[in-house]
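The values are calculated or read from the model by the stated rules, or taken from the named source; none is laboratory data. Keep in mind that what you see is a predicted model, and the values were worked out from it rather than measured. Virtual Cβ from ideal backbone geometry, glycine too; neighbours counted across all protein chains shown.
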Amino acid sequence: MLPRRMNRKSLRAVSTAGHDDYPFAEIIEEAYRVFAYGKPGSIEVCRGCCMDARIEADFFNPPIRELPLSYLRDWYSAAYDPKGIAKETWAYLLPRILEFMARGDSVSNVGIEVSLNRFATGNRENWSTDEWSILDRFQRLYLSWKVDRHTDFLDDAVCMFSLAGWNVADLFDQVAAIPDAKLAQRLWLDWCSWPAPGREGIRMTAFWQPPDNAVAFRFYTSRSLYERMEALVLAEDTNTGLAAKASAVASVIESNAPWAC
């Protein structure tokens, strides 16, 4: 049986239910208005084999605001042209993709890293001024939101935007702008909280592509990041727990940094 469709009122209730920290409502609503592209003529993925036949046949029947997450996940599981899909198809789907991402849902079962890379989403030359304004604001808000929510890994989100065409140096400038205490907590969670003791380390997703992977590693092992963690450890107003986490992060950086050899 195909998933039951919801009306617009019930969809909005689901979108924000249980999310007191949901900051995306205005951007998502604006995205639906600005990216009001017509329904595409093709699903732009392998037909007759990769997708569930019922979903493939019904994919464009629901209004875009009611497109089920299961449909999108099935679509993401299908092979597509490595050169990317047509802008018209991507732009039509984009508001719904952004909405699911803003709810904390993974549109792909592979990982969040591939959520936006079927079209060069991060290339502002591909979009009108209004379209790019939405995408740029969404990117910045989403990255900040991921830091605060402590879900997934921060590196996964940075890589996702890099794969989609955003400038990797600008992405890490945004990470660098995170306050020291918050960044120490985030990196400690990603690098030190889950491995077995003695196995802490810089965790980078396998989805990184050269040369951006080298940019990421340089940031994570930079002397400036180490010095920020060291200064946090030594600051008189840093509480004991945070100092211990910052010290652990500094130790990981020092263990991996070429300058520390």
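Determine whether the stretch 89-104 contains at least one residue that is in contact with a helix residue (DSSP H, G or I) (Cβ under 8 Å, 6 or more places away or on another chain) and at positive phi.
Checked against the condition, which is being in contact with a helix residue (DSSP H, G or I) (Cβ under 8 Å, 6 or more places away or on another chain) and at positive phi, the stretch 89-104 yields at least one hit.
Confirm whether Ile178 is at pLDDT 95 or above, more than 30 Å from Tyr226 (Cβ to Cβ), β-branched (Val, Ile, Thr) and crowded, with 16+ Cβ neighbours inside 10 Å.
no
Can you tell me which condition Trp259 does not meet? The list is (1) modelled with pLDDT of 95 or more; (2) in contact with a Lys or Arg (Cβ under 6 Å, 6 or more places away or on another chain), and all the others hold.
(1)
What's the number of the condition Leu141 fails, among (1) under 13 Å from the mean Cα position of the chain (by Cα); (2) crowded, with 18+ Cβ neighbours inside 10 Å; (3) modelled with pLDDT of 95 or more?
(2)
Somewhere in the stretch 46-60, is a residue at pLDDT below 95 and touching a Pro at 6+ places or on another chain (Cβ under 8 Å)?
No - not one qualifying residue is present in the stretch 46-60.
How many residues does the stretch 39-72 contain that are farther than 16 Å from Leu94 by Cβ and not in a loop (DSSP other than H, G, I, E, B)?
7
Cβ-Cβ below 6 Å, separation at least six or inter-chain, first residue in the stretch 241-261 and more than 13 Å from Gln185 (Cβ to Cβ), second assigned to a helix (DSSP H, G or I) and among the hydroxyl-bearing types (Ser, Thr, Tyr): which pairs?
Hits for this filter: Ala250/Tyr226; Ile253/Tyr226.
How about the stretch 196-261: which helices (runs of 4 or more DSSP H) wholly inside it have at least 1 residues that are under 27 Å from Val110 (Cα atoms)?
In the stretch 196-261, the matching helices (runs of 4 or more DSSP H) lie at 212-220.
Is there any pair with a first residue in the stretch 92-116 that is among the acidic types (Asp, Glu) and a second that is at pLDDT 95 or above whose Cβ atoms are under 7 Å apart and which are 6 or more apart or on different chains, and what are they?
Glu99/Ile28; Asp105/Leu69; Glu113/Asp156; Glu113/Cys159; Glu113/Met160; Glu113/Leu163; Glu113/Thr205; Glu113/Phe207
If you take the residues of the stretch 21-36 that are at pLDDT 95 or above and in a loop (DSSP other than H, G, I, E, B), which of them is surrounded by the fewest Cβ atoms within 10 Å (Cβ to Cβ)?
So, considering only residues that are at pLDDT 95 or above and in a loop (DSSP other than H, G, I, E, B), the one surrounded by the fewest Cβ atoms within 10 Å (Cβ to Cβ) is Ala36.
Looking only at the stretch 102-130, how many residues end up being basic (Lys, Arg) and touching an Asp or Glu at 6+ places or on another chain (Cβ under 9 Å)?
So the count comes out to 2.
Looking at the stretch 151-189 only, could you name the residues that are under 18 Å from Ala243 (Cβ atoms) and free of Cβ contacts under 8 Å to residues at least 24 places away in the same chain?
The one that is under 18 Å from Ala243 (Cβ atoms) and free of Cβ contacts under 8 Å to residues at least 24 places away in the same chain: Pro179.
Select from the stretch 37-51 the residues that are charged (D, E, K, R) and surrounded by fewer than 16 Cβ atoms within 10 Å (Cβ to Cβ) and write down the one among them that is nearest to Phe119 (Cα to Cα).
Filtering first and then ranking leaves Lys39.
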